[in-house]
Amino acid sequence: MKPVGTQLIAEFIHCGKKYLNNKDALQQILKQGIEECGMNLVNINGKQFNPVGATVIAIISESHIAIHTYPEARHASIDIFTCATVSSSVNRLLQFLKGKLRPKTVRVIELLRGNPIEITEQDWVTSFSGAGCGFEVRYHAVRKLFSKRSRYQQIDIIENENFGRVLFLDKDVQIAEIDSHIYSWNMIAPILEAGKSLNKVAILGGGDGGILYDILKYNPKRVVLIDIDEEVIKASKRYLKRICNNAFNDPRAKIVIADVNKYLEKRHGFDAIIYDLTMHPEALTNMGRTEFLNGLFSKVSKNLNKDGMITLQCCSEFDTATQKLLNRLLPRYFTNITFRKAFIPSFCENWIFASAEPKRT
């Protein structure tokens, strides 16, 4: 007998909130979908995770169906395996699940099983747009210089013939040699243009050292870089010397390995804070991102001096959901909010940056 089968793997992105953290409801949805699509249910079971998330698995006569949810990211991963070619019932089930979970974006791949398949392409790294517009960028790796799973994330550094050395975190491109100065300038420029003091500056994140290196050119008295993942800093110091140079060893720089949320619980009195953290923290925290950003922006505001300023990397120009969220959250804590746009070649798209000053009561 020749082993054959077809597997549909779907990612439901930015789903509705109603069912994602309800194992029992998900079981009922899957059971109803199986019945309505003419499949034969053998057994169904599920697991509710603490604090959030659920997995539901159904055994059907054709094979199996699984749903795993990440409510904090409003994401569901769907796996449908059948021992035959994809039938209309399988496609109907996928449409049924879309109708119930209401994702804004769906990505689906079809795998033919039973023969050797290549899961990864050794010479390429694929970075998906976080903007919900469905495109991906594939980066050719002339050499793979570093690959390690840290406590917090997957870290990869490759050498690309066009962009030089490129850093990825969880397969998401972060910075490249060819344009790190463009990215850094858009984070630093508003502070310089406003004539803000550089007596004491904080960089939240920034473990690649690019912003640290560039702001040290303007003679600040003290720069504190706070990053949770020491492995990113170690890898950058070794493999991204053209980006960070010797910034980590500069006597004006203080490197703090810590969660910025905990670090900012004490008031440090910064003249400027550069926010080089993700706007999608779901993989690093159990909080939803609105709750996470609300809390963090509040702490940032309290840590800025009266005439201080925050600058932020925001998102792709296509990520309208994040832009709307920032338009709603930033005015709660800041004033004189300004956005700017810059094309980052290694991102292959325009990127949004922001600057603001703290509100004072």
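Condition check ((1) assigned by TED's automatic domain parsing to the domain that holds Leu293; (2) in contact (Cβ under 8 Å) with a residue 40 or more places away in the chain; (3) under 27 Å from Cys348 (Cα atoms); (4) loosely packed, with under 15 Cβ neighbours inside 10 Å) across all residues:
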| position | (1), (2), (3), (4) |
| --- | --- |
| Ile211 | yes, yes, yes, no |
| Tyr218 | yes, no, no, yes |
| Asp227 | yes, no, yes, no |
| Arg242 | yes, yes, yes, yes |
| Glu265 | yes, no, no, yes |
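Under 7 Å by Cβ, and 6 or more places apart or on different chains, what pairs join a residue from the range 169-190 that is on the phi > 0 side of the Ramachandran plot with one that is crowded, with 16+ Cβ neighbours inside 10 Å and not in a helix (DSSP H, G or I)?
Asp170/Gln153; Lys171/Val125; Lys171/Ser127
Pairs please, first residue from the range 17-32 and over 15 Å from Ile78 (Cβ atoms), second anywhere and among the hydroxyl-bearing types (Ser, Thr, Tyr) and crowded, with 19+ Cβ neighbours inside 10 Å, Cβ atoms under 8 Å, 6+ apart in sequence or on different chains.
Partner pairs satisfying both residue conditions: Asn21/Thr69; Ala25/Tyr19.
I'd like to verify a number: residues in the range 1-40 that are under 14 Å from Ala58 (Cβ atoms), at pLDDT 90 or above and surrounded by 13 or more Cβ atoms within 10 Å (Cβ to Cβ), how many?
So the count comes out to 9.
Could you figure out which of (1) buried (at least 18 other Cβ atoms within 10 Å of the Cβ); (2) touching a Gly at 6+ places or on another chain (Cβ under 7 Å); (3) outside any helix (DSSP H, G or I) isn't true of Thr55?
(1)
Of all residues in the range 301-317, how many are in contact (Cβ under 8 Å) with a residue 60 or more places away in the chain and β-branched (Val, Ile, Thr)?
1
Quick one: in the range 188-204, of everything that is out of contact with any Phe, Trp or Tyr (no Cβ under 6 Å at 6 or more places or on another chain) and charged (D, E, K, R), which residue is surrounded by the fewest Cβ atoms within 10 Å (Cβ to Cβ)?
Ranking the candidates gives Glu193 first.
Table: residues versus (1) at pLDDT below 95; (2) touching a Lys or Arg at 6+ places or on another chain (Cβ under 9 Å).
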residue: Gly288; (1), (2): yes, yes
residue: Glu291; (1), (2): yes, no
residue: Ser298; (1), (2): no, yes
residue: Cys314; (1), (2): no, no
residue: Ala321; (1), (2): yes, yes
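Here is a yes/no grid of residues against (1) over 18 Å from the mean Cα position of the chain (by Cα); (2) closer than 27 Å to Ser236 by Cα; (3) in contact (Cβ under 8 Å) with a residue 24 or more places away in the chain:
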| position | (1), (2), (3) |
| --- | --- |
| Ile255 | yes, yes, yes |
| Asn261 | no, yes, yes |
| Asp319 | no, no, yes |
| Arg328 | yes, no, no |
| Phe339 | yes, no, yes |
| Pro345 | yes, yes, yes |
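Need a quick list: strands (runs of 3 or more DSSP E) entirely within the range 241-345 having at least 2 residues that are touching an Asp or Glu at 6+ places or on another chain (Cβ under 6 Å).
Once the strands (runs of 3 or more DSSP E) in the range 241-345 are filtered for at least 2 residues that are touching an Asp or Glu at 6+ places or on another chain (Cβ under 6 Å), what remains is 304-316, 334-344.
What's the number of the condition Trp185 fails, among (1) buried (at least 21 other Cβ atoms within 10 Å of the Cβ); (2) assigned to a helix (DSSP H, G or I)?
Unmet for Trp185, out of (1) buried (at least 21 other Cβ atoms within 10 Å of the Cβ); (2) assigned to a helix (DSSP H, G or I): (1).
The values are calculated or read from the model by the stated rules, or taken from the named source; none is laboratory data. This structure is a prediction, so every number in the text was calculated from the model and none was measured. Positions of Cβ are generated from backbone atoms using ideal geometry, with glycine treated the same way; all protein chains shown enter the neighbour counts.
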